[in-house]
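Structure, as structure tokens:
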Amino acid sequence: MLHSENNWQVLSSAVHYDNPWITVTEYDVLNPSQKKGIYGKVHFKNVAVGIIPLDEMGNIYLVGQFRFTLDKYSIEIPEGGSLTNLSPLESAKRELEEETGLQANVWKHVLTMHLSNSVTDELALVYLATQLFFGKPKPEETEKIDLIKLPLEKAYQMVMNHEITDSMSVAGILHAKILSLQNLKNEKK
């Protein structure tokens, strides 16, 4: 039996933090067991976009950068926030070029995800970008990015070895791996 109805009751709420990207709200609630409690939610004002850039040789282009929130270097697919004045696809195109210098002739939406849905409402859309060509990177002032070109199989192994841990990157690389296996299967028919 699915329990798809909302069994939470909000008694009151208060915004504790707000900036141009996020709002943090604390709610006084009655939980599904009808017990009083609190719940915190981080609301993201933009949609997250991620890009799986694959070339015709089966290589994926990743980015590496030091992540302030993790206090460590992270290897990821190109990703960022969709600007409110652009569609998520246009934002994905902008992010790919900004972070890597790459542009793509073919774009396909492949994943819709909710990231860390126990504490945030962040929505992420992941796109497959193919028929790539190079332009010029335009990183933001907060980004010092390394461009990393790897065979998709190597990126997949990095996911399996816990070397790539960013959620959109893990999901995107695993999705690309499954697509490549499906394509091999279809070619053998």
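The values are calculated or read from the model by the stated rules, or taken from the named source; none is laboratory data. All values derive from a computational prediction rather than experimental measurement. We place every Cβ from the backbone using ideal geometry, glycine too, and count neighbours over all the protein chains shown.
Is there a residue being more than 18 Å from Y127 (Cα to Cα), of a type in the set (S, T, N, Q), exposed (fewer than 13 other Cβ atoms within 10 Å of the Cβ) and in the same structural domain as E79 (by TED's automatic domain parsing) anywhere in the range 177-185?
No: zero hits.
Give me the residue from the range 70-115 that is closer than 20 Å to T142 by Cβ and of a type in the set (S, T, Y) and, out of that set, surrounded by the most Cβ atoms within 10 Å (Cβ to Cβ).
T100
List the pairs whose first member sits in the range 124-139 and is farther than 18 Å from L89 by Cα, whose second member is surrounded by fewer than 18 Cβ atoms within 10 Å (Cβ to Cβ) and basic (K, R), and whose Cβ atoms are under 7 Å apart, counting only residues at least 6 apart or on separate chains?
So the pair list comes out empty.
Residues that are out of contact with any strand residue (DSSP E or B) (no Cβ under 6 Å at 6 or more places or on another chain), part of a strand (DSSP E or B) and either of a type in the set (A, V, I, L, M) or within 30 Å of G40 (Cα to Cα) (or both): does the range 124-136 have at least one?
No: zero hits.
What is the number of the single condition among (1) part of a helix (DSSP H, G or I); (2) polar (S, T, N, Q); (3) not assigned by TED's automatic domain parsing to the domain that holds N183 that Q34 does not meet?
Just one mismatch for Q34, condition (1).
Of the residues I52, I38, which is of a type outside the set (S, T, N, Q) and either buried (at least 16 other Cβ atoms within 10 Å of the Cβ) or closer than 30 Å to K154 by Cβ (or both)?
Of the residues listed, the single one that is of a type outside the set (S, T, N, Q) and either buried (at least 16 other Cβ atoms within 10 Å of the Cβ) or closer than 30 Å to K154 by Cβ (or both) is I52.
Return yes or no: is A124 of a type in the set (A, V, I, L, M) and closer than 29 Å to E26 by Cβ?
Judged against the criteria, A124 is a match.
Each row is one residue, and each column tells you yes or no for (1) at pLDDT below 90; (2) among the polar types (S, T, N, Q); (3) at positive phi.
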| site | (1), (2), (3) |
| --- | --- |
| E122 | no, no, no |
| K136 | yes, no, no |
| I145 | yes, no, no |
| M160 | no, no, no |
| A171 | no, no, no |
| H175 | no, no, no |
| Q182 | yes, yes, no |
| K185 | yes, no, no |
